[in-house]
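I have placed the structure first, in the form of structure tokens, so that the comments after it can refer back to it.
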Amino acid sequence: MARFKNKNKKALARPVKNQPSVDHITGQKIPKSFVFSRGKLPGPLRDLELDLRKLMLPHTALKLKEKKRNKLKDFLNVAGPMGVTHFLMISNPKSVPHLRVARTPQGPTITFEIQEYALAADIARSQARPSCPKELFSNSPLIVLSGFGSGGQHLKLTTIMFQNIFPAIDINTVKLSSCRRIVLLNYNNETKLIDFRHYSIRLQPIGVSQRIRKFVQKHEVPDLRNLQDVSDFVTKAGYGSESEADEESATVSLVSDLGRVNRASTKSAVRLQEIGPRMTLRLVKIEEGLCSGAVIFSEFGKKPDDAHEEEDHED
């Protein structure tokens, strides 16, 4: 006998198990997000959507299911019971990629035009030694904003929106082991563009050769066939490499042990490696409500262009 699907069934996402809603240290509500598309997207923008979901881990729905008939209110109805606080929506009106960041359930909504973007896979291919282990995404990234203090009210609203997307941290209680990623946003006051970057953070002890560091971290038996003595393995070149050439401003003194190599009361070099995605954004509009309401700011004056009007009608 044929089986018919229930058309009224709305299974958009499954709640993530063992994810608390309130930080047990700060007592603040942990922000959660949905990343989804509005309208039809080409393949590269679909990949960008997946990259943004991965960036927002662990407090997002990585396997959020979307359907063409889904309206914005469908996502909003599911967001409430799941404690979702923000929407990140990608659209492509008239072949111009846009990113909308909204606070649920009542707004505001900030719309960005994506001028340029690079996927995480593109960045990995451009690197000689790409590294992006799954452990990086067990904690939320840190957020750093630069250049936003020199603008007007619209930049202040943008700053608040991005700061509230990720959980707040208490510098007195935060664990160094949980600081594995960082999101950097830099606003250029001349071009009015925002550079969006995503990096992994790793520490390397100063004064320890690369050979010793790898041996301690990976527990691999070293190749001693071409050496006369074990001491050659320890004293051979490696101290004049990257671990010794760090600037003083790029080093930190640890207050606690971090891993097997970075020990307390020692200096370690801070290394950033870009893991993507990368975007160049232009702020074009801020609305008072959730993709609706009064326009607080518009880059195009009182009358936004046709592309943005068409984008609004999609919802």
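The values are calculated or read from the model by the stated rules, or taken from the named source; none is laboratory data. Computed from a prediction, not measured in an experiment: that's the story for all the values here. No Cβ is skipped: glycine too gets one built from the backbone with ideal geometry, and neighbour counts run over all protein chains shown. The area values use the complete protein model at the heavy-atom level, side chains included, leaving out ligands, DNA and RNA. Shrake-Rupley method; radii C 1.70, N 1.55, O 1.52, S 1.80 Å.
Only residues that are over 24 Å from Lys29 (Cβ atoms) and not in a loop (DSSP other than H, G, I, E, B) were counted in region 147-175, giving 5. Out of all the residues in region 177-186, is one or more loosely packed, with under 15 Cβ neighbours inside 10 Å, modelled with pLDDT of 85 or more, assigned by TED's automatic domain parsing to the domain that holds Pro108 and touching a strand residue (DSSP E or B) at 6+ places or on another chain (Cβ under 8 Å)? There is at least one residue in region 177-186 that is loosely packed, with under 15 Cβ neighbours inside 10 Å, modelled with pLDDT of 85 or more, assigned by TED's automatic domain parsing to the domain that holds Pro108 and touching a strand residue (DSSP E or B) at 6+ places or on another chain (Cβ under 8 Å).
Filtering Glu113, Glu135 for residues that are touching a Lys or Arg at 6+ places or on another chain (Cβ under 9 Å), open to solvent by 20 Å² or more (accessible area, probe 1.4 Å) and modelled with pLDDT under 95 leaves a single hit, Glu135.
Residues in region 73-107 that are hydrophobic (A, V, I, L, M, F, W, C) and open to solvent by 20 Å² or more (accessible area, probe 1.4 Å): Leu76, Val78, Met82, Val96.
Here is the figure for region 115-165: residues that are within 20 Å of Phe300 (Cβ to Cβ) and touching a Phe, Trp or Tyr at 6+ places or on another chain (Cβ under 9 Å) total 7. Going residue by residue through region 39-58, is there one that turns out to be open to solvent by 30 Å² or more (accessible area, probe 1.4 Å), touching a residue at least 40 places away in the same chain (Cβ under 8 Å), over 15 Å from the mean Cα position of the chain (by Cα) and at positive phi? Looking for residues that are open to solvent by 30 Å² or more (accessible area, probe 1.4 Å), touching a residue at least 40 places away in the same chain (Cβ under 8 Å), over 15 Å from the mean Cα position of the chain (by Cα) and at positive phi, one finds at least one in region 39-58, hence yes. State yes or no: is Ile165 in contact with a helix residue (DSSP H, G or I) (Cβ under 6 Å, 6 or more places away or on another chain) and open to solvent by less than 20 Å² (accessible area, probe 1.4 Å)? Criteria not met by Ile165.
For Asp195, the test of being touching a residue at least 60 places away in the same chain (Cβ under 8 Å), surrounded by 15 or more Cβ atoms within 10 Å (Cβ to Cβ) and charged (D, E, K, R) is passed.
Residue-by-condition table, conditions (1) of a type in the set (Phe, Trp, Tyr); (2) assigned to a loop (DSSP other than H, G, I, E, B); (3) closer than 15 Å to Leu157 by Cβ:
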site	(1), (2), (3)
Arg271	no, no, no
Arg282	no, no, no
Lys285	no, no, yes
Phe300	yes, yes, no
